[in-house]
Structure formats: C-alpha cells, structure tokens
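**Student:** Have a look at this one.
The values are calculated or read from the model by the stated rules, or taken from the named source; none is laboratory data. Small disclaimer: the values here were computed from a predicted structure and weren't measured. When we count neighbours, we look across all protein chains shown, and the Cβ atoms used for this are built from the backbone with ideal geometry, even at glycine. When the accessible area is computed, the model is the full protein with side chains, heavy atoms only, and any ligands, DNA or RNA have been set aside. Shrake-Rupley method; radii C 1.70, N 1.55, O 1.52, S 1.80 Å.
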Amino acid sequence: MDDGRTIDSEMTDGKMMDGKTIDGKTRLCGLIGNPVEHTMSPVIHNTLAGHCGHNLVYVPFLVEEGNLADAVRGAYALNVLGLNVTVPYKSAVIDSLVETDDLAARIGAVNTLVRTEGGYKGYNTDMSGLYRAMVSEGIRIEGEEIVLLGAGGAARAVAYLCGEQKAGKVWLLNRTYEKAERVAEEVNAAFGREVVVPMLLSDYEKLPERKFLAIQGTSVGLAPKEDDVVIEDAAFYRKIHTGFDLIYKPFTTRFMRLVREAGGEAYNGLKMLLYQGIIAYELWNQVEITEKEAALVYDRMKREMGIS
Ligand code: NAP
C-alpha cells in the first residue's frame, strides 16, 4: 500500500543525511533551551564531528518550563556526553551541576555542560568564544576604552571579559540604569578596580571626546526587527573606530552599517557563536580545533544562513 511515504536511500543503513553512521558507539551531545528550533549549534557540532571523524551526533532538545532539573538528570543517566544551554536556562542550570568553572560562577551563567564523574561541570564558552572571535579579527581589549551597549546576560559576560582582559575603561550604557549599575558594581568588585562605568543609554552624548571600541550587546536590531538600533545619532558613531555587534541575524546589522558609514570597522556575532561552539566541542572531546577547521565550519554556517 502506498501511504505517501518514501524511503530516502541516504537515510538507510543507519546513515544520517550527511553520511554519518549511527551505531552502538555513537555519542550524543545536544542543546537544551526554549525555543531551540532556530539554533545553528547542530551545524557547528555535526560539521566538526564529521570533519574530525568522531562518532558523535548533536541534536536540539526543547525543554519546557519546570523540566530543567529532570532534563539534566535524564541526560546524565542516558550517558549524554555534553550539553549546551541557551535561553532561558543559562543561570538556572547552575543548580543542577556538580561543579561550575570559577569564571562561569562569577558571571552567573553557564552555556556548556561537560560530563564528569557524578554529574556535569558547567562552563561559560560565550565569553571565551567572544574573545577568540575578537582575536581572530585582530581586535584587542587590553588597554582599550570600550563602550558596551546593554546590561543583559550577554553584556554582563562581556563586561567580565573586559575586566579579565585588562580593558582600560568600559562605559556601560543601558536603558535601565540600575542594571548597568549592578553589573558595574559586580565587575569592579571582582577585579578590584573601577573598570566599568555605568551610564544611562540616553546619556551617550556625555561620553568623552575620543575613539572607542564599541560592543553592541542589546537585543535591539535582531531579526525580524532589522531596522532597529539603540542609538540613531551619527555623532555617536563617529566616536567608534571598531564596532562589534553580538547579533548575527541579520548578517549585517543596522548598528554595523552606521559604524561603517561613520568610517569605522564593524563585525557581527557569528564568529562568537562559532567559537563558543568550538570551545565546547574541545571540552567534550579533548581535542584542539585548528583555525583551518574553524574556517570550514564558519563557511558552512554562512551557507546555512544563505550568505555566500
Ligand atoms: P537580555 O538578557 O534579554 O538583555 C537584553 C538587553 O537589551 C538589555 O540590556 C536590555 O535593556 C536591552 N534592550 C532590549 N530592548 C531594548 C530597547 N528597546 N531599547 C534599549 N535597550 C533594549 O539578552 P542577552 O541574552 O543579553 O542577549 C543580547 C543579544 O546578544 C541578543 O540579541 C542575542 O542574540 C545576542 N547574543 C549573541 C551571542 C552570540 O554567540 N553571538 C551569544 C549570546 C547573545 P534593559 O536592561 O533596559 O531591559
């Protein structure tokens, strides 16, 4: 009887679409979060596994509210090698871990779980991923005067990165001043000096007259609201020598366009996403991914986004 289903020959003999063989020794990694449908992480990890010849498959797991602890316990019981964690669980997951890396604990956010004896250990590879992305683009933090837009989860991690990498001063601008103030207090206490200066976003005209590295860490400008930007004023952009937007959808954000129009260089967050994945993969598999391999994965991610 024809029930309308077809058997794709590439899916037979235990083979997945990209030719990967699933067998009794296949290890599983994945992403927990809500939502997870639009994630690019499977592209990163399955490409790496294929390239490195690792018998590993990476899949997204949608975890409904209230199920986080069960999900982590269940993953451990099922011998899952490692997990990434995304919104809204990056902080809440810490309670389900046997250990948390020092820096991730200070940031208060974990995006990578590594299997250890007795449970998972948590790391924050978002921050180290951003650092590696910046290094690969030749952007330095040490000694730099930095404008950081936003004080949410991602911007908080960036503020810690700036403290750790000995930034000169970070002017932290946020719509809600209290949040900027809280991040500044925490980071300044952690590094024992006044690295972060909190400011109200609308006070951007009070920034000193000089050139900055600007990191866009708000969610403004994220697709589908691609025409939005936190600050419109061209005078602000004339103060930026390099702009780094954590957003990667769209590939060229309005913030990036405004930086370039004012004569600066601008980058998006796709390489940050790439490197946070690579660092997680390295932690799970105890391997070192080369820059050549990273470039291969990056090309695959761009193709996935329809960017040639
Ligand atoms: P979040 O915790 O929700 O923080 C959102 C931030 O945006 C807050 O500072 C918020 O200000 C600000 N904001 C939101 N709407 C605003 C508006 N209309 N005007 C001014 N400010 C506004 O989000 P998050 O997790 O930090 O993520 C921020 C961005 O980073 C997202 O776009 C995310 O996609 C990106 N990201 C990228 C990567 C990567 O790998 N490339 C990794 C992580 C995050 P208030 O405090 O005033 O609300």
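**Student:** Work from the charge dipole of region 163-230 (Cβ charges, +1 for Lys and Arg, -1 for Asp and Glu, about the Cα centre) and give the residue of G192, S219, S202 farthest towards its positive end.
**Tutor:** G192
**Student:** If contacts are Cα pairs under 8 angstrom and at least 6 residues apart, what is the relative contact order of region 135-245 in percent? Mind dumping the intermediate values first?
**Tutor:** Numbers: 191 pairs, mean separation 30.3, N = 111.
Over region 135-245, the number comes to 27 percent.
**Student:** For region 263-308, what is Rg from Cα atoms divided by 2.2 N^0.38 Å, rounded to two decimals?
**Tutor:** On the way: Rg = 12.3 Å, N = 46, 2.2 N^0.38 = 9.4 Å.
My calculation over the Cα atoms of region 263-308 gives 1.30.
**Student:** With a 1.4 Å probe and all protein chains left in place, how much of the accessible area of region 100-218 comes from carbon and sulfur atoms, in whole percent?
**Tutor:** Details: 2280 of 4930 Å².
In region 100-218, the share of accessible area belonging to carbon and sulfur is 46 percent.
**Student:** Two-decimal Rg/Rh of region 205-298 from alpha-carbon positions, Kirkwood Rh? Let's see the in-between values first.
**Tutor:** Details: Rg = 15.7 Å, Rh = 14.6 Å.
A ratio of 1.08.
**Student:** What FRET efficiency comes out for the pair K166/E64, r = Cβ-Cβ distance, R0 = 41 Å, nearest 0.05? Intermediate results must be reported in sequence, preceding the final value.
**Tutor:** On the way: r = 42 Å, r/R0 = 1.02.
Result of the calculation: an efficiency of 0.45.
**Student:** Checking the cross-link filter: which lysines have an alpha carbon closer than 22 Å to that of K225, excluding same-chain neighbours under 8 positions apart?
**Tutor:** Output for K225: K249, K271, K302.
**Student:** Hey, can you grab everything whose amide H is under 5 Å from the amide H of E145? Only 5+ residues off in sequence or another chain; H modelled, so Pro and N-termini drop out.
**Tutor:** For E145, whose amide H was placed from the backbone, the distant partners under 5 Å are G168, K169, L213.
**Student:** Place a +1 charge on the Cβ of each Lys and Arg in the chain and a -1 charge on the Cβ of each Asp and Glu, then give the dipole magnitude about the Cα centre in debye, rounded to the nearest 20. Let's see the in-between values first.
**Tutor:** Values: 34 positive and 44 negative charges, 112 e Å.
The dipole of the chain has a size of about 540 debye.
**Student:** Then there is this: Would you mind working out the accessible area per residue for region 41-129, using a 1.4 Å probe, and quoting it in Å²? Walk me through the numbers before you get to the answer.
**Tutor:** On the way: 3840 Å² over 89 residues.
Counting only protein heavy atoms, the per-residue value for region 41-129 is 43 Å².
**Student:** On to the next question. Rg(Cα) of the chain divided by 2.2 N^0.38 Å? Intermediate values should be presented prior to the final figure.
**Tutor:** On the way: Rg = 20.6 Å, N = 308, 2.2 N^0.38 = 19.4 Å.
The reported ratio for this selection is 1.06.
**Student:** Taking just the alpha carbons, could you work out the radius of gyration and Dmax for region 69-196, both in angstroms?
**Tutor:** 15.9, 47
**Student:** Can you list residues from other chains, or at least 5 along the same chain, whose modelled amide H is less than 5 Å from the amide H of I247?
**Tutor:** Counting only residues 5 or more places away or on other chains, the set is G269.
**Student:** Something else: Just tell me which aspartates and glutamates come within less than 14 Å, Cα to Cα, of K121; anything on the same chain fewer than 8 places away is out.
**Tutor:** Cross-link targets: D95, E99, D101, D102.
**Student:** Given the options D228, D245, D70, which has the most mean-square fluctuation in a GNM of the chain, springs set between C-alpha atoms less than 10 angstrom apart?
**Tutor:** D70
**Student:** Counting only Cα, what are the radius of gyration and maximum Cα-Cα distance Dmax of region 16-105, in Å?
**Tutor:** Reported Rg and Dmax, both Å: 13.8, 39.
**Student:** Continuing with the same structure: Over the Cα atoms of region 190-255, how large are the radius of gyration and the largest Cα-Cα distance (Dmax), in Å?
**Tutor:** Cα-based Rg and Dmax for region 190-255 come out at 13.3, 40 Å.
**Student:** Same structure again: Skipping prolines and chain starts, which residues have an amide H placed within reach, meaning under 5 Å, of the one on D228, given they are 5 or more residues away or on another chain?
**Tutor:** G221
**Student:** A further question follows. List residues of region 129-150, by number, whose backbone nitrogen lies under 18 Å from a label position 7 Å along Cα→C-beta of M305.
**Tutor:** Residues 129-139 qualify, since their backbone N sits under 18 Å from the label point.
**Student:** Something else: Assuming 0.36 nm per residue, please report the length gained on full extension of the stretch I94 to A190 beyond their Cα-Cα distance.
**Tutor:** Details: separation 96, 0.36 × 96 = 34.56 nm, distance 1.94 nm.
Extending this stretch completely gives an extra 32.6 nm.
**Student:** What is the ratio of the Cα radius of gyration of region 125-281 to 2.2 N^0.38 Å, with N the residue count, to two decimals? If you can, show how the numbers build up before the last one.
**Tutor:** On the way: Rg = 14.2 Å, N = 157, 2.2 N^0.38 = 15.0 Å.
For region 125-281, the normalised Cα radius of gyration comes out at 0.95.
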